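Have a look at the structure below, then the notes.
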Amino acid sequence: MKLIAEVSRWAIPLLFLLIPVVAYIRRVPVYESFVTGAEEGFKTGVRILPFLIGMLLAIRVFIDSGALELIARFLRPILIHFGLNPDLTAIIPLAVMRPLSGSGALGVATQLIYQYGPDSFIGRLASTLQGSTDTTFFVLTVYFGSVGIRKYRYALKLGLIADFVGFIVSVWIVSKVF
């Protein structure tokens with residue numbers, strides 16, 4: 001266990017040392033390559049900034065308008081009708097928020113874990129759901145926007161289907177394992 005802790009502690013500093021050394025040995029202009037990469041990264045950041053601001057604004061409006069809570073209230077009776085655990089209704093805001101925003105979903109998950117406890121059904125489900133779904137709208141907005149993809153209709157459908165399947169499988173796995 002001590003060996004793993006030491007390897008973990010030194011892994012990143014050694015990696016930061018190893019990359020320039022290998023590049024120098026291969027006669028790659030290390031500093032010039034770094035500056036060129038940083039310049040391209042800055043240009044990409046500037047290019048995706050409008051998409052990111054638009055998405056963050058839309059998420060804030062979605063939450064502040066009460067639409068998130070409205071959707072959660074709408075879905076609660078449906079989940080209960082299908083005989084799912086009534087405690088499961090507490091996870092609905094996380095399931096709705098996760099495709100929209102990673103940081104927003106992390107905030108909801110943190111609140112659920114704090115409220116119910118990390119070893120509770122809801123705490124375990126929140127953790128599993130965080131790892132089993134993706135931030136679909138963030139990916140479409142930022143990543144697709146940065147490379148100029150404008151037609152992402154099928155990617156949106158597939159991403160939301162994958163998020164839904166991730167939600168269902170998370171509920172199933174946590175119900176069976178715990």
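So which trypsin sites (Lys or Arg not before Pro) in segment 47-154 end up in coil per DSSP with only 15 or fewer other C-beta atoms within 10 Å?
Taking segment 47-154 and a limit of 15 other Cβ atoms within 10 Å, the loop trypsin sites (Lys or Arg not before Pro) found are 150, 151.
Modelling each spin label as a point 7 Å along the Cα-to-Cβ direction, I'd like the residue 114/residue 9 distance in nm, to one decimal. It is 3.2 nm. Using 0.36 nm per residue and subtracting the Cα-Cα separation, the extra length available between residue 36 and residue 176 on full extension is 45.3 nm.
Set the Cα radius of gyration of segment 1-155 against 2.2 N^0.38 Å, with N its number of residues, and you get 1.45.
Quote the relative contact order of the chain in percent (integer), defining contacts as alpha-carbon pairs under 8 Å separated by 6+ residues.
Working: 125 pairs, mean separation 32.6, N = 178.
It rounds to 18 percent for the chain.
Using only Cα atoms, tell me the angle between helix 121-132 and the longest principal axis of the chain; keep it within 0 to 90° and round to the nearest 10. Tilt relative to the chain: about 40 degrees. Ranking 59, 144, 48 by how far each Cα lies toward the positive end of the dipole of the chain (charges on Cβ) leaves 144 at the top.
Length gain on complete extension for the stretch residue 150 to residue 26, per 0.36 nm per residue less the alpha carbon to alpha carbon distance?
Details: separation 124, 0.36 × 124 = 44.64 nm, distance 3.93 nm.
So the extension gain works out to 40.7 nm.
To the nearest 10 degrees, how steep is helix 30-64 against the longest Cα principal axis of the chain, on a 0 to 90 scale? Helix 30-64 sits at roughly 20 degrees to that axis.
For the chain, what is the charge dipole size about the Cα centre, in debye to the nearest 20, if Lys and Arg each add +1 at the Cβ and Asp and Glu each add -1 at the Cβ?
Here the size comes out at about 380 debye.
Which length gain, in nm to one decimal place, applies between residue 19 and residue 169 when the Cα-Cα distance is subtracted from 0.36 nm times their residue separation? Mind showing how you got there, number by number?
Working: separation 150, 0.36 × 150 = 54.00 nm, distance 4.01 nm.
Once the chain is fully extended between residue 19 and residue 169, it gains 50.0 nm.
Any read-out appearing in this document is the output of simple, stated calculations on the displayed coordinates, not a laboratory observation. Just so it is clear, the structure is predicted and the values come from calculations on it, not from any experiment. Ideal geometry is used to build each Cβ from the backbone, glycine not excepted, and the neighbour counts take in all protein chains shown.
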